[in-house]
Amino acid sequence: MWGIKGTFLNSKVARRIFVLFVISALLPIFILAFFSVRQIHSLTTHNIERDLRQDAKSYGLSVYDRLLLLDEKLAVHAANLENLPLEKARRNMFYGFTQVNVFDATDISYINDSYLPLITEAERVYLLEGNSIVLTKYQSGLPSEIYLLQAIKGKNYIIAALIDRDALWGKADTFDDSKGLCVYGHTSDLLFCSQMQIDSKIKVLKSKWNESTTGNANVSDGNQHLFVGYWTLFTKPKFKYPKFTIAITYDQNLALEPISSLRNIFITVSILTLVVIAFLSTVQIRRYLTPLEELMRGIERISNNDFKKPVTVTANDEFYQLAVSFNSMSTRISQQFEFLTTMSDIDQQILSNITIKDVIATLIAQANNATQSDVINV
């Protein structure tokens with residue numbers, strides 16, 4: 001009835017204290033973890049998107065620098081061809097270009113050649129004025145061919161050079177395998193991609209490239225989620241070609257892996273915290289409930305008229321003071337019961353018509369027990 005049965009958690013008070021300890025300790029951790037992970041996720045995403053835009057811009061500017069260098073090389077080569085006949089000029093090759101062709105600007109028979117895209121009349125006039133132009137030839141499933149064209153001064157010839165992909169876009173081993181890089185032309189045709197499978201995943205973003213020159217987006221094909229940053233390189237003032245759009249992708253799972261690690265750390269810390277709280281709560285609850293259990297047992301003994309065994313509490317706190325007071329109260333109650341019992345016995349002996357000598361003897365014997373005194377006088 002009065003005892004605390006089994007383990008301490010069978011006590012309602014113990015369970016309430018335990019739950020309060022757990023909630024008080026874990027709730028702040030969960031709140032801190034939630035807002036920390038959320039804030040870190042936001043900052044990480046912001047930094048990744050900014051870095052992708054910056055990487056796209058840096059790569060675009062490097063491509064433009066390479067294009068200017070190739071233009072200078074082609075201009076030097078064109079200058080060396082001024083005094084060569086047309087047939088001999090066609091056989092010249094040099095670094096940065098995989099194919100060089102020279103044709104008469106007034107002869108449109110080159111249109112029948114499959115190697116070169118069609119040149120408009122405006123582009124032909126632009127070339128003969130001493131400028132350079134860039135033309136692209138789209139190839140399905142493959143990087144586009146990029147041609148650089150110039151006019152040979154003093155002659156009505158145009159030199160068309162197919163740019164080497166490595167010389168313009170960079171060698172394959174210079175690209176980060178964790179990121180995908182693609183370059184698109186002004187009609188959103190693919191010009192180059194370091195990972196060709198990326199093109200099919202970011203096609204949905206091509207409409208955005210006409211709305212802004214730089215930005216970010218997220219794409220998903222159901223199996224992979226990607227961050228995308230893009231930047232537009234305008235080349236029309238120099239090469240008559242409107243623009244290149246550089247897009248760089250980064251796998252979200254890989255980018256947010258540190259956040260997943262942090263989340264796992266919070267989970268581990270929470271579990272360890274729960275274990276520590278359970279241990280400390282058990283120790284403290286037992287420390288408080290053991291004296292309380294002793295007091296409850298003392299009350300049960302008193303209810304059974306057992307006043308001989310006092311309550312023993314070793315803790316030097318309020319429970320100890322309560323136990324001392326309880327034992328003192330129990331002693332006084334025991335004396336009162338003894339006294340009342342003695343008076344009842346005397347009354348019974350008087351009513352039983354025994355001699356006065358026997359009554360006095362009984363009175364002295366019982367009074368000694370009731371008053372706990374060494375000397376009794378009647």
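The values are calculated or read from the model by the stated rules, or taken from the named source; none is laboratory data. The structure presented is a predicted model; accordingly, all values stated were derived computationally and were not measured. Here the Cβ is made from the backbone with ideal geometry for all residues, glycine too, and neighbour counts use every protein chain on show.
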Restricted to segment 232-280 and to residues being touching a residue at least 60 places away in the same chain (Cβ under 8 Å), assigned to a helix (DSSP H, G or I) and of a type in the set (Val, Ile, Thr), the residue surrounded by the fewest Cβ atoms within 10 Å (Cβ to Cβ) is VAL269
Conditions (1) modelled with pLDDT of 90 or more; (2) β-branched (Val, Ile, Thr); (3) not assigned by TED's automatic domain parsing to the domain that holds SER24 -> VAL228 fails only (3)
Result of the Cβ filter at 6 Å on segment 130-146, keeping first residues that are farther than 17 Å from LEU67 by Cβ and partners that are surrounded by 15 or more Cβ atoms within 10 Å (Cβ to Cβ), at least 6 apart or interchain, is TYR138/SER144
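Yes or no, residue by residue, for (1) of a type in the set (Ser, Thr, Tyr); (2) at pLDDT 90 or above:
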site: PRO117; (1), (2): no, no
site: GLU123; (1), (2): no, no
site: TYR184; (1), (2): yes, yes
site: THR187; (1), (2): yes, no
Only one of VAL76, VAL19 is surrounded by fewer than 16 Cβ atoms within 10 Å (Cβ to Cβ) and either at pLDDT 85 or above or closer than 30 Å to THR245 by Cα (or both), namely VAL76
For segment 300-328, the count of residues that are under 22 Å from PHE339 (Cβ atoms) and in a helix (DSSP H, G or I) equals 7
Restricting segment 208-225 to residues that are surrounded by fewer than 14 Cβ atoms within 10 Å (Cβ to Cβ) and part of a strand (DSSP E or B), the one modelled with the lowest pLDDT turns out to be SER220
- prompt: Does ARG53 qualify as being more than 19 Å from the chain's Cα centre (by Cα), modelled with pLDDT of 85 or more, over 17 Å from ALA161 (Cβ atoms) and surrounded by 15 or more Cβ atoms within 10 Å (Cβ to Cβ)?
  reply: yes
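Assess whether PRO242 counts as being over 22 Å from the mean Cα position of the chain (by Cα), over 30 Å from LEU27 (Cα atoms) and assigned by TED's automatic domain parsing to the domain that holds LEU61.
On the way: over 22 Å from the mean Cα position of the chain (by Cα): yes; over 30 Å from LEU27 (Cα atoms): yes; assigned by TED's automatic domain parsing to the domain that holds LEU61: yes.
Considered against the rule, which asks whether it is over 22 Å from the mean Cα position of the chain (by Cα), over 30 Å from LEU27 (Cα atoms) and assigned by TED's automatic domain parsing to the domain that holds LEU61, PRO242 comes out as yes.
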